[in-house]
1. Just to verify a result, which residue in the range C:70-109, among those that are within 20 Å of C:R160 (Cβ to Cβ) and without any contact (Cβ under 8 Å) to a residue 24 or more places away in the chain, is farthest from the other protein chains (Cβ to nearest Cβ)?
2. If you take the residues in the range C:110-146 that are outside any helix (DSSP H, G or I) and surrounded by fewer than 18 Cβ atoms within 10 Å (Cβ to Cβ), which one is farthest from the other protein chains (Cβ to nearest Cβ)?
3. Being within 15 Å of B:S170 (Cα to Cα) and touching a residue at least 12 places away in the same chain (Cβ under 8 Å) is the filter here; which residues of the range B:108-121 pass it?
4. Looking at B:T254, B:T312, which one is in contact with a strand residue (DSSP E or B) (Cβ under 7 Å, 6 or more places away or on another chain), among the polar types (S, T, N, Q) and either part of a helix (DSSP H, G or I) or surrounded by fewer than 12 Cβ atoms within 10 Å (Cβ to Cβ) (or both)?
5. Do we find that B:I262 is free of Cβ contacts under 8 Å to residues at least 12 places away in the same chain, in a loop (DSSP other than H, G, I, E, B) and β-branched (V, I, T) in this structure?
6. I need the full set of residues from the range A:245-267 which are surrounded by 16 or more Cβ atoms within 10 Å (Cβ to Cβ), outside any loop (DSSP other than H, G, I, E, B) and over 19 Å from the mean Cα position of the chain (by Cα), in order please.
Amino acid sequence: MNSSFRILIKSPKFMFGACMLLAMIGLILIYPLFNRNDPLEMIALAYQPPDSKLLLGSDNFGRDLFLELIYGIRTSLQVGLIAGVFATVIGLVIGLASGYIGGMIDNLLTAITNIFIVIPSFVILILISVSIDSRSSFVTAVIIGITSWPWTARAVRAQTSSLRNRDHVNIAKISGYSTPRIILSEILPYIASYVVMAFVLQTASGILSEASISMLGLGPYNTISLGIIMNWALVFEAPVAGAWWAFIPAAISIAIITFSLYMMNTGMDEIFNPKIRS
Amino acid sequence: MSTNILEVHGLKTYYRTRLKEHVYAVDGVSFSLEKGKTLGIAGESGCGKSTLALSLMGFYFPPLHFGSGSIVINGTDIMKLGKEQLRAQVSGREISYIPQAAMNALNPTLKIIHFIEDIMKEHRPELNKKQVWDMAAERFETLNLSPKVLHSYPNELSGGMKQRTVIAISTILNPKVLIADEPTSALDVTSQKAVIKLLKSLLDRGFIQSLVFITHELPLLYHVTDDIIVMYAGEIVERGTAEQMIFDPIHPYTKKLMGSIIVPEEGMKGHKLAAIPGTPPNLKNVPEGCRFADRCSYVQETCRKGKIESQTAGDRIYRCIVEPEVLKEWYANEAE
Amino acid sequence: MKQNDVLIRGEHLTKVFGYGKQKTTAVEDVSFAFHEGEIISIVGESGSGKTTLAKMIMGLLKESSGSIEYMGKPRQLKRHGDRKRYWKNIQAIFQDPFSSFNLFYKVEKLLLDCIKLQGVNLTKEEQLRKMKEACSFVNLKFEELHNKYPFELSGGQMQRLMIARIFMLHPKLLIADEPTSMVDACSRSTILDMLLKLRDENNMTIIFITHDVGLAYYVSDTLYIMEQGKVVERGPAEEVILNPQHPYTQQLISDVPKIHSEWDLA
């Protein structure tokens, strides 16, 4: 694992994406230490254009948009990560079970996976969001995670079922190792790089999904996220007022985060896909 | 005038690694092949035999690069030809190559006849479709392959059949030399025999004039080829007739190689197999002197000095500083 | 051949894959009795069912019908504990050394695992001594290897390392599935010699699964020739090779190129 990490650092794409992401995370961690204001506090008139005091102007309630943006990015990243973890863990467990055990269980789990793939997950997302009363950002993240695992499951299953027939797995079996141990030491290391890649991708799409449902007004209530900022801009007709600063920076932030995650993914893909080990 | 159909002089080809090192997989190889003769090339994996086969075609794709030397086919040095000329005039017509995994290289979505049509369009544009089909059917029939094969898809054929089909396709233009790189190593013995029969009948009927057969299976070479070359670490270590090489080897490496043959014949049981300790030298950094010195049981101090040139003894060529008579005495002593 | 006790006996083993139209019988009604210290070769071409039979013996595949008796008792594989007990004395070497090793473990860990597997508590020095002993048995230098990953070794070295594992575990039964088909002729001799030595020292039973008639003849006491899932001929190696009775065996032997007799290419 150590050597793969060393190779990764040499990939310009991965490093570019990682640096961009780290810079973003640095910003959202450090800025609130200097500006201790509440992002929801109204401190100016509605839709003030950017100036030296309000870096990105104010929104319809007269709140500091730059501060809102910082907190928005934080929530969006959190939602993306939680969604990514959920999607990856569920996908990994189902994929491993299905690929390693095989037989009837494989058929059953593959059927369930396929059903989830066929049903448009965004529709489920909207339906669940509408039917749940208390929507915190955590709940939203979990809902996104639960609806986006099937692709991971499918890929993990394919890799696992081909690994299962490899001779080192057979040797581990006749050495009397237990199934969890075989999965942990003989299968997981081989698919680890793939799973990390899938996780990065799921995180990116989690951020996008959160933005999308928040924009529709179905996102979390009690917080600020990038989608919610855009939703406010939409509801209070910022485009009509010509207040571009109310939604463009949020959109660009989403683009930058997902772009940097995709870059990291592509960088990893180039390294791990045609296995250069050996 | 020589009757050599293929002459190779001081051929050096190398792989360029990621670290820009040059690894000479074929390092100064010279040999010739007479018209109508067959030549076997044997050696362990990594000795450069497959690279040599590839190099003989004149096409070099990175990481493989041409270093120096000449490859003369039928009087023409193909390394002096342009790429386009080489493709149009030499490959397929003068010399043809069957790579190791040839049978898996056929596009599974196309029927066999399609590959032949393609070749003909390029090399014999004057023929119409009907003529090509008739010609292909006739050729397949002569070679004891069912013409039905022509209208099948590659996946409908068994491994052995696919391999024979590939050979029939690659020889459709009657190349003077056919280079076959391990054409039978992925096949069952029965299919292997069928492939060998096919190669023999190509030779007998004059569809090909000479054959270069590369394999690590020595008993096979014994029955297929007139002469055998043994390669070690990019160099030819010995050449002789198949009979000489199997039963009367000169070079210590050949001796060991022949001693490792296993066949289902009386006397095999209880026969002591020869083994060679150690591994071949790293071609990135070949030692001075004889490349086999580190693994040779008869190594002398002088073996590790200078460059060991090949010697000639009658019709034999070998690369060892010790006289053949002396070596044979040693072998005889050891056998006792 | 030494007349020892029967180690493992199979009665009317059959293995059927798939169901309905896709049903294929890979192994059909095969019976055998392998003795302690015996070397057996199961010879067949691809698709003959030899690997399936080997996997059934290993207990990696469940037989569709028939039974296997191990050391005089019916084999029990239902519970994990039963399997563990059965596998304690069975090991395998596979064809492709590159897929036989977990590429993420260093050589040292592979060998350490063998010590752990035997369930004995050893001091660091004793462990080191055992690993060195195993490596020197297969002519490898532990000092040069222990810090390497398997993919840094050559195929022949990896296969020898596999034998070092067997040497440490000394199972009663070793199943070698084409152990030399991917290594060079010279490494092949070394590997075969080591396996024969293992048999001589530990009275191990070795089952070779191979397509190479010559190799089977060279190493084994007893041959089983398989064709399309059935054993068509069996007997002492000398008899089967030098005086084959079944037409398939005759054809198989005649298709192999030899060096002291003509190869009929007509």
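1. Per the stated criteria, the residue is C:K109.
2. Filtering the range C:110-146 for residues that are outside any helix (DSSP H, G or I) and surrounded by fewer than 18 Cβ atoms within 10 Å (Cβ to Cβ), the one farthest from the other protein chains (Cβ to nearest Cβ) comes out as C:T123.
3. Selection gives B:I112, B:I113, B:F115, B:I116, B:E117, B:I119, B:M120.
4. Working: B:T312 fails: in contact with a strand residue (DSSP E or B) (Cβ under 7 Å, 6 or more places away or on another chain).
B:T254 is the lone residue from the list that is in contact with a strand residue (DSSP E or B) (Cβ under 7 Å, 6 or more places away or on another chain), among the polar types (S, T, N, Q) and either part of a helix (DSSP H, G or I) or surrounded by fewer than 12 Cβ atoms within 10 Å (Cβ to Cβ) (or both).
5. For B:I262, the condition - free of Cβ contacts under 8 Å to residues at least 12 places away in the same chain, in a loop (DSSP other than H, G, I, E, B) and β-branched (V, I, T) - is met.
6. A:W245, A:A246, A:P249
Yes/no matrix, rows are residues, columns are (1) within 27 Å of the chain's Cα centre (by Cα); (2) surrounded by 16 or more Cβ atoms within 10 Å (Cβ to Cβ); (3) of a type in the set (K, R); (4) farther than 22 Å from B:S55 by Cα:
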{"residue": "B:L86", "(1), (2), (3), (4)": "yes, yes, no, no"}
{"residue": "B:L110", "(1), (2), (3), (4)": "no, no, no, yes"}
{"residue": "B:K129", "(1), (2), (3), (4)": "no, no, yes, yes"}
{"residue": "B:E138", "(1), (2), (3), (4)": "no, no, no, yes"}
{"residue": "B:L145", "(1), (2), (3), (4)": "yes, yes, no, yes"}
{"residue": "B:K162", "(1), (2), (3), (4)": "yes, yes, yes, yes"}
{"residue": "B:V177", "(1), (2), (3), (4)": "yes, yes, no, no"}
{"residue": "B:E182", "(1), (2), (3), (4)": "yes, yes, no, no"}
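To keep it simple, each residue is scored yes or no on (1) crowded, with 19+ Cβ neighbours inside 10 Å; (2) among the small types (G, A, S); (3) touching a helix residue (DSSP H, G or I) at 6+ places or on another chain (Cβ under 6 Å).
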residue	(1), (2), (3)
A:G84	yes, yes, yes
A:V93	no, no, no
A:A111	no, yes, no
A:S131	no, yes, no
A:T147	yes, no, yes
A:S161	no, yes, yes
A:D167	yes, no, yes
A:N170	yes, no, no
A:L184	no, no, no
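The values are calculated or read from the model by the stated rules, or taken from the named source; none is laboratory data. All values reported here derive from a predicted model rather than from experimental measurement. Cβ atoms come from the backbone with ideal geometry, glycine included; neighbour counts cover every protein chain shown.
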